[in-house]
Amino acid sequence: MITIDQARKAALSLPETEEKPHFHLTSFRIKNKIFATIHADKYYMMVKLSPVDQSVFCAYNKDVIFPVPGGWGRQGATFINLKKVRKAMLIDALTTAWKRTAPAKLIEKYFGKENS
């Protein structure tokens, strides 16, 4: 089980990430673009993935990682159940969402040219 504080620290461990409120949620942003939010009431984290990345992560276990219901989910918004996810998978999903959202120059700066 991942606590809300552990999920927050995992998101903030990514380069140049800022934590800001987003309505009633806590959001994590790179260059002011949201790549993840915490839904503390459900003990979920939402990450913004591509539809392809979403299908890969969701193939693991739909009780752990699953699309957000509705249109946002069809665009790649993905819930992660913090009560069931392993830390390594959470970090992998957060990193994938960060890379999808960050500008190419930042991805290259922190992860190398082959990851941009």
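The values are calculated or read from the model by the stated rules, or taken from the named source; none is laboratory data. Just so we're clear, the structure is a prediction, and the values are computed from it rather than from any experiment. Because the Cβ atoms are built from the backbone with ideal geometry, glycine has one as well, and the counts that use them run over all protein chains shown.
A few points about this structure:
- Filtering ASP5, ASP53 for residues that are of a type in the set (Asp, Glu), at pLDDT 95 or above, part of a helix (DSSP H, G or I) and within 16 Å of TRP72 (Cβ to Cβ) leaves a single hit, ASP53.
- Which numbered condition ASP63 misses (of (1) out of contact with any helix residue (DSSP H, G or I) (no Cβ under 7 Å at 6 or more places or on another chain); (2) outside any loop (DSSP other than H, G, I, E, B); (3) over 21 Å from THR26 (Cα atoms)): (2)
- Which numbered condition LEU49 misses (of (1) under 9 Å from the mean Cα position of the chain (by Cα); (2) without any contact (Cβ under 8 Å) to a residue 60 or more places away in the chain; (3) under 19 Å from ILE4 (Cβ atoms)): (3)
- Taking each residue of region 18-40 that is not in a strand (DSSP E or B) and looking for partners that are not β-branched (Val, Ile, Thr) with beta-carbon atoms closer than 7 Å, six or more apart or interchain, yields LYS31/ALA102; LYS31/PRO103.
- Some residue of region 52-60 being surrounded by 13 or more Cβ atoms within 10 Å (Cβ to Cβ) and touching a Gly at 6+ places or on another chain (Cβ under 8 Å): yes
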